[in-house]
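Report on the following structure.
The values are calculated or read from the model by the stated rules, or taken from the named source; none is laboratory data. All figures in this text were calculated on a predicted structure; none of them were measured in a lab. Don't worry about glycine lacking a Cβ; one is built from the backbone with ideal geometry, like all the others, and counts go over all protein chains shown. Please note that ligands, DNA and RNA were not included when accessible areas were found on the heavy atoms of the full protein model with its side chains. Shrake-Rupley method; radii C 1.70, N 1.55, O 1.52, S 1.80 Å.
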Amino acid sequence: MNWTAIVPLKAAADRKTRLAGALDGTEKAALAEGMADHVIATLADVPAIASIRVLSPESGDIPGTIWEPDHGKGLNAELDRVCAALAGERMVIVHADLPLLTADDINALLGAAEGAGAAIATDRHGMGTNALAMREATGVGFTFGPDSLVRHLERLPHAAVLRRDGLAIDIDTADDIAAARGALPLGRW
């Protein structure tokens, strides 16, 4: 079973702006780039992932990926466009700010989507959507953003919902950094 992974990635200057009070510009850039590299490497380690597309306004040279141009219409509209192009294919959207993501997390998400038709990985608060997999890509009208889990479940009522640390702990604020550190075994970060 071949899946196409979509990794949305903002322009470098627009990444992790909510961390401005916690990290300086260089630290934010390094964190955002490191997390994106980690997510892409993790996806590349999953045999079921046949291709990885980076949805971004910048064409960065990221080995093992295909650049999917973001035309600036907003994340959800851009994902709807990509989904329409992949209609009927297996597709998984994974955000680029998941520092604890593992191949087991992705395999669990894909397995749940195979069984239920779709699977949604919630954030650690149980409110947002950090990843979404569909056995058959179809236009659902994505609603990534605050409180997106409920809206995605309205559109995909049959979807399985997963909460795993690797998928749930995303980094948007200083509190998220503390949560990620707290979830790690001693000495890893």
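Among the residues of the stretch 169-178, are any open to solvent by less than 60 Å² (accessible area, probe 1.4 Å), more than 16 Å from T42 (Cα to Cα), in a loop (DSSP other than H, G, I, E, B) and modelled with pLDDT of 95 or more? No.
Of the residues that sit in the stretch 12-36 and are closer than 25 Å to R81 by Cβ and modelled with pLDDT of 65 or more, which one is surrounded by the fewest Cβ atoms within 10 Å (Cβ to Cβ)? Even if it seems obvious, please write down each step before you answer.
Step one: list which residues in the stretch 12-36 are closer than 25 Å to R81 by Cβ, which gives 12-17, 32, 35-36.
Adding the requirement that they be modelled with pLDDT of 65 or more leaves 32, 35-36.
Values: A32: 21, M35: 23, A36: 23.
Among residues in the stretch 12-36 that are closer than 25 Å to R81 by Cβ and modelled with pLDDT of 65 or more, the one surrounded by the fewest Cβ atoms within 10 Å (Cβ to Cβ) is A32.
Close Cβ contacts (under 6 Å, 6 or more residues apart or on different chains) running from residues in the stretch 155-184 that are free of Cβ contacts under 8 Å to residues at least 40 places away in the same chain to residues that are open to solvent by 30 Å² or more (accessible area, probe 1.4 Å) and part of a loop (DSSP other than H, G, I, E, B) comprise R181/W189. Here A133, A36, A48 are screened, and the one residue that is touching a residue at least 60 places away in the same chain (Cβ under 8 Å) and in contact with a Phe, Trp or Tyr (Cβ under 6 Å, 6 or more places away or on another chain) is A48. A single member of D70, D97, D105 is at pLDDT below 95 and within 19 Å of L162 (Cα to Cα), and it is D97.
Can you say whether I120 is modelled with pLDDT of 95 or more, open to solvent by less than 20 Å² (accessible area, probe 1.4 Å), touching a Pro at 6+ places or on another chain (Cβ under 8 Å) and not in a helix (DSSP H, G or I), as far as the supplied structure shows? Taking the combined requirement at face value, the residue does not satisfy it. Here T143, T138, T65 are screened, and the one residue that is buried (at least 18 other Cβ atoms within 10 Å of the Cβ) and without any contact (Cβ under 8 Å) to a residue 60 or more places away in the chain is T65.
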